[in-house]
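Trainee: The structure that follows is given in the form of structure tokens.
The values are calculated or read from the model by the stated rules, or taken from the named source; none is laboratory data. These figures come from a predicted structure and were not determined experimentally. Because the Cβ atoms are built from the backbone with ideal geometry, glycine has one as well, and the counts that use them run over all protein chains shown. These area figures cover heavy atoms from the full protein model, side chains too; ligands, DNA and RNA do not enter into them. Shrake-Rupley method; radii C 1.70, N 1.55, O 1.52, S 1.80 Å.
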Amino acid sequence: VDTRRRGELARDSDKGSNDDDKADDYKSSKCIALVEQLYKTYCILIKLVLYIGFTFAVFGSNYASILLKILAGERWGSNPEASAALSSFCIYIALMSLNGMTEAFVYGVAESGKDVGSLAVVHCLVGGVFYVAASFLVIHRNDHSDGSGGGTVGLVMANGICMVLRSVYSLRFTKSYFGKYDVGNARTLTFLKRLFPRGPVLLMFFICYNIMWWSRCTMLVGNPPLLSTNTGLHLGIGIVCFIVTGLSMYMLERDFIRSLKAMVSRSKNNKEKEE
């Protein structure tokens, strides 16, 4: 009887152990699924932020003077320093938005004191870089009479350098975080390709930027009035470039557009379930 009882207890113990293993496997698979969904959402949001940022940088920087004329009048729109400052800030917006999104993720998933400490050290180092860069860009390049360097533009450029450095660290941390769960590709280049717009779209941004830069340097020489032929031609070129870039994005990024729509739809459904 005792032998039979011990055998039953052993079988019950093995059964309980198997149930625990199954529960652990279920929790592990569920955790991996959640991390994979997080990875996909992260890539979609970063790419969306980059598209918005590139739009500001490419189009806004070439039409800052016209925007100033509309909002603040001919006096400010004809001021080269004000136009240069607003143009540089349009580029800075792209860098700041990338840093904000990537760094928010780091703060959200950082678990150990080591992670938080590393982030603090990086911020201190970047602060030192800002001090050196700002000293050079603001003071030593303050002799540009056209407003293209020094002063406010130099300060914005120094901040932009810091945003790039902080974004690089955040992206490195994110790649390492997903790598712990074997989610995503281990190669850095493949990881970045998931985040950035497709190569042909980036090329279209680059081409359109140079076309609009040439148009600005050619059509807006002498600061023509807002309601002038040259200003109208410059605006027309910008509209055509915007349409062409938008069409290239629509044709080449259909998977991204579908993923973005699915993410928005899923978010709406979750909110309705909560209500």
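Trainee: Hey, rough spin-label estimate for K40 and V132, points 7 angstrom out along Cα→Cβ, what's it come to in nanometres?
Mentor: Here the modelled spin labels are 4.4 nm apart.
Trainee: Follow-up question, since we're still on this one. Quick one: of K47/K175; K193/K271; K193/K261, which pairs are farther than 25 Å apart, Cα to Cα?
Mentor: Where the Cα-Cα span goes over 25 Å, the pairs concerned are K193/K271.
Trainee: What value does the stretch 168-275 have for Rg/Rh, both radii from Cα atoms and Rh as Kirkwood defines it? Provide the component values of the computation, followed by the final result.
Mentor: Values: Rg = 20.7 Å, Rh = 17.7 Å.
Rounded to two decimals, Rg over Rh is 1.17.
Trainee: Would you mind computing, in nm to one decimal, how far apart the modelled labels at I52 and L226 are, each placed 7 Å from Cα along Cα→Cβ?
Mentor: Each label point lies 7 Å from its Cα, and together they span 2.7 nm.
Trainee: I239 to A104: FRET efficiency via 1/(1 + (r/R0)^6), r the Cβ-Cβ distance, R0 41 Å, to the nearest 0.05?
Mentor: On the way: r = 34 Å, r/R0 = 0.83.
Calculated transfer efficiency: 0.75.
Trainee: Which length gain, in nm to one decimal place, applies between R172 and L203 when the Cα-Cα distance is subtracted from 0.36 nm times their residue separation?
Mentor: 8.7 nm
Trainee: Taking a 1.4 Å probe, which of M96, M212 shows the most accessible area, and what order do the others take after it?
Mentor: Result of the area sort, largest leading: M96, M212.
Trainee: Mind jotting down the distance between the C-alpha centroids of the stretch 56-101 and the stretch 158-187, whole Å?
Mentor: Computed from Cα coordinates, the inter-centre distance equals 28 Å.
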